């Protein structure tokens with residue numbers, strides 16, 4: 001087997017894992033830390049992609065269009081948390097129904113505004129780079145670096161800052177945190193807004209690598225949930241979980257098909273759930 005082929009497959013796994021980790025990081029914040037199962041996460045990611053479409057249509061450079069998507073995600077997260085999500089803390093069934101309904105509404109609004117047709121975004125970094133004889137798209141490598149950087153920043157915030165201590169305190173026991181003078185409502189608002197901002201950023205950065213359309217979030221949401229399940233209660237394990245999932249996904253796709261690959265990563269999540277004892281809510285990072 002040629003070295004270039006092995007390098008190309010390894011780089012493909014790294015790129016897939018980084019994208020999965022980027023999408024899953026926002027989901028892990030709301031799911032593992034705040035206990036909210038956000039089924040609208042994929043649609044929030046989709047809105048980030050469409051924000052780039054609009055930004056580029058207005059003549060903004062790609063980095064500024066991504067910045068617009070990030071700010072939009074942050075603002076939308078604040079709005080959704082205040083008007084909807086804060087009513088669902090500790091009520092997982094209602095959270096599932098409420099966020100599922102929100103996702104349907106967001107998708108329909110985008111379909112009304114842009115139609116169901118695919119939108120194409122030009123590659124901001126065209127070309128490829130040669131690594132040990134393998135040619136790999138330059139933008140995918142940059143995307144991998146950005147994704148891992150975002151995950152490192154989130155982990156650093158949770159582990160090294162006073163804000164991270166407050167977040168972990170609220171995630172562990174909101175009542176005790178309140179008795180220590182920590183406002184659990186403000187912390188939950190900030191965490192959910194950060195979660196949606198991360199989803200929007202993921203959609204914006206992924207947009208040049210895929211077809212932008214109203215239903216694009218569904219596949220990414222599926223992979224993100226598997227990554228969060230495999231990663232467990234530690235947010236810092238998201239990168240490792242994404243790497244394991246990417247290995248299973250890419251190798252199974254190469255050997256068999258995409259359908260079998262989806263079944264394989266679903267089986268992986270099932271094995272993790274049945275073989276491990278996990279806390280219902282994550283308080284570590």
Residues in the range 33-67 that are closer than 16 Å to residue 119 by Cβ and in a helix (DSSP H, G or I): how many?
17
The one condition in (1) over 26 Å from residue 66 (Cα atoms); (2) surrounded by 15 or more Cβ atoms within 10 Å (Cβ to Cβ) that residue 94 fails to fulfil
(2)
Which one of these is in contact with a helix residue (DSSP H, G or I) (Cβ under 6 Å, 6 or more places away or on another chain) and surrounded by 14 or more Cβ atoms within 10 Å (Cβ to Cβ): 107, 86?
107
Kindly provide the set of residues from the range 127-168 that are within 16 Å of residue 15 (Cβ to Cβ) and assigned to a loop (DSSP other than H, G, I, E, B), ordered by number.
127, 132
Search the range 114-137 for residues that are at positive phi and pair each with any residue that is loosely packed, with under 14 Cβ neighbours inside 10 Å when their beta-carbon atoms are under 8 Å apart and the residues are at least 6 apart or on different chains.
132/3; 133/2; 133/3
Helices (runs of 4 or more DSSP H) wholly inside the range 212-285 that include at least 2 residues being farther than 21 Å from residue 147 by Cα and at pLDDT 85 or above
258-275
What pairs come out if I take residues in the range 31-46 that are free of Cβ contacts under 8 Å to residues at least 12 places away in the same chain and on the phi > 0 side of the Ramachandran plot and pair them with residues that are part of a helix (DSSP H, G or I) and surrounded by fewer than 24 Cβ atoms within 10 Å (Cβ to Cβ) whose C-beta lies under 7 Å away, six or more apart or interchain?
none
Selected residue (criterion: nearest to the chain's Cα centre (by Cα)) from residues of the range 82-103 that are touching a residue at least 40 places away in the same chain (Cβ under 8 Å) and farther than 22 Å from residue 48 by Cβ
96
Could you run through the range 12-32 and say how many residues are surrounded by fewer than 24 Cβ atoms within 10 Å (Cβ to Cβ) and either in contact with a strand residue (DSSP E or B) (Cβ under 9 Å, 6 or more places away or on another chain) or assigned to a loop (DSSP other than H, G, I, E, B) (or both)?
2
Of (1) without any contact (Cβ under 8 Å) to a residue 40 or more places away in the chain; (2) under 24 Å from residue 73 (Cβ atoms), residue 253 satisfies all except one. Which?
(2)
Just to be sure I understand, how many residues within the range 33-61 are in contact with a strand residue (DSSP E or B) (Cβ under 6 Å, 6 or more places away or on another chain) and crowded, with 24+ Cβ neighbours inside 10 Å?
1
I'm checking my understanding of the structure. Among residues of the range 191-210 that are farther than 19 Å from residue 152 by Cβ and surrounded by fewer than 23 Cβ atoms within 10 Å (Cβ to Cβ), which one is nearest to the chain's Cα centre (by Cα)?
193
Any hit, the range 77-84, residues being within 23 Å of residue 219 (Cα to Cα) and at pLDDT below 95
yes
Quick one: which residue in 187, 121 is part of a loop (DSSP other than H, G, I, E, B), touching a helix residue (DSSP H, G or I) at 6+ places or on another chain (Cβ under 6 Å) and either at pLDDT 85 or above or closer than 30 Å to residue 6 by Cβ (or both)?
121
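The values are calculated or read from the model by the stated rules, or taken from the named source; none is laboratory data. All of these numbers come straight from a predicted model, not from anything done at the bench. Note that each Cβ is placed from the backbone with ideal geometry, even for glycine, and that neighbours are counted across all protein chains shown.
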